[in-house]
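Single-structure report; data block below.
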Amino acid sequence: MKLEEKAVIFDLDGVICFTDKYHYQAWKALADKLGIYFDEKINNRLRGVSRMASLEIILERADKTYTQEEKEAFAEEKNDNYKELLKNMKESDLSEEVKTTLEELRARGYLLAIGSSSKNTKFILGQLGLGDFFDAIADGTDITHSKPDPEVFLKAAEKLGMKPEDCAVVEDAKAGIEAAKAANMTALALDGDARDCGMQDYNLEGFFDLLNILPGAGE
Ligand code: BG6
Ligand code: MG
């Protein structure tokens, strides 16, 4: 398959970098404190989902209900813990595969953007040495509706000055593939969860596979 898109919008967590382990550790600490069962399988359901929606998933197993104020305090506590863990990320955590593929896509003339639900997007990109790399960033601070709503990808296309149908999206999460399709974009599935949903246009063999299906913008 060869695509004719002119721009590529990347999800961040699970696509550009692997923050799953940090999200897991930070949510686990909160769940343990509240006496709520939490494991890696439940953590998988949090992929692509906003911070507050993630908390609601964790609280499904709580045996009491919490006020909105308490929930906001829990989310803040988790995020403080998560941000401490993110300080361990460094430029060498960006894989060679991701780095060289991004550079080659740019050389082929594609516009490159981030479309992430995370409010920590800019901090994470900075840690990875990608603070100034992308042509546009749409993240959790720009949107009111998280994936599977298409808002974050539509916002990224708008910032790039591109029509949605000229954008391809790379996603590791089911919610992200749904969001890309709702935005009328081409959805490329990078990982299990995104592959299993059956709504994607193409399954990537790996990040490098983008170079096989994206021959050059405008060609
Ligand atoms: C997504 C992650 O990218 O960002 C989710 O896949 C996370 O797991 C969401 O909940 C929100 O992240 P943050 O950094 O704003 O808490
Ligand atoms: Mg993701």
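The values are calculated or read from the model by the stated rules, or taken from the named source; none is laboratory data. Note that the coordinates shown come from a computational prediction; the quantities given were computed from them, not determined experimentally. Every residue, glycine among them, receives a Cβ derived from its backbone with ideal geometry; neighbour counts consider all protein chains shown.
Conditions (1) among the small types (G, A, S); (2) over 22 Å from C167 (Cβ atoms); (3) more than 14 Å from the chain's Cα centre (by Cα), marked per residue:
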{"site": "K83", "(1), (2), (3)": "no, yes, yes"}
{"site": "D93", "(1), (2), (3)": "no, yes, yes"}
{"site": "E103", "(1), (2), (3)": "no, no, yes"}
{"site": "R108", "(1), (2), (3)": "no, no, yes"}
{"site": "I114", "(1), (2), (3)": "no, no, no"}
{"site": "K119", "(1), (2), (3)": "no, yes, no"}
{"site": "G129", "(1), (2), (3)": "yes, yes, yes"}
{"site": "F133", "(1), (2), (3)": "no, no, yes"}
{"site": "A138", "(1), (2), (3)": "yes, no, no"}
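Residues that are assigned to a helix (DSSP H, G or I), modelled with pLDDT of 95 or more and not hydrophobic (A, V, I, L, M, F, W, C) within region 158-175 comprise E158, K159, P164, E165, D166, listed in sequence order. Would you confirm whether or not region 72-93 contains a residue that is without any contact (Cβ under 8 Å) to a residue 40 or more places away in the chain, among the aliphatic types (A, V, I, L, M) and part of a helix (DSSP H, G or I)? Yes: region 72-93 contains one or more residues that are without any contact (Cβ under 8 Å) to a residue 40 or more places away in the chain, among the aliphatic types (A, V, I, L, M) and part of a helix (DSSP H, G or I). Of P164, P150, all but one fail to be over 21 Å from D13 (Cβ atoms) and crowded, with 19+ Cβ neighbours inside 10 Å; the exception is P164. Only one entry in A194, A179, A187 is small (G, A, S), part of a strand (DSSP E or B) and either within 16 Å of ligand 2 (Cβ to nearest atom) or in contact with a Gly (Cβ under 6 Å, 6 or more places away or on another chain) (or both), namely A187. Looking at I137, is it among the β-branched types (V, I, T) and within 24 Å of E97 (Cα to Cα)? For I137, the condition - among the β-branched types (V, I, T) and within 24 Å of E97 (Cα to Cα) - is met. Annotation: D39 fulfils all but one of (1) surrounded by 13 or more Cβ atoms within 10 Å (Cβ to Cβ); (2) without any contact (Cβ under 8 Å) to a residue 24 or more places away in the chain; the unmet one is (1). Can you name every residue in region 120-143 that is free of Cβ contacts under 8 Å to residues at least 40 places away in the same chain, within 14 Å of ligand 1 (Cβ to nearest atom) and surrounded by fewer than 19 Cβ atoms within 10 Å (Cβ to Cβ)? The answer is K122, G126, T141, D142. Here F153 fits the description: touching a Lys or Arg at 6+ places or on another chain (Cβ under 9 Å), among the aromatic types (F, W, Y) and under 30 Å from E76 (Cβ atoms).
Restricting to region 29-73, name every residue that is within 16 Å of ligand 1 (Cβ to nearest atom) and hydroxyl-bearing (S, T, Y). Selection gives S50, S54.
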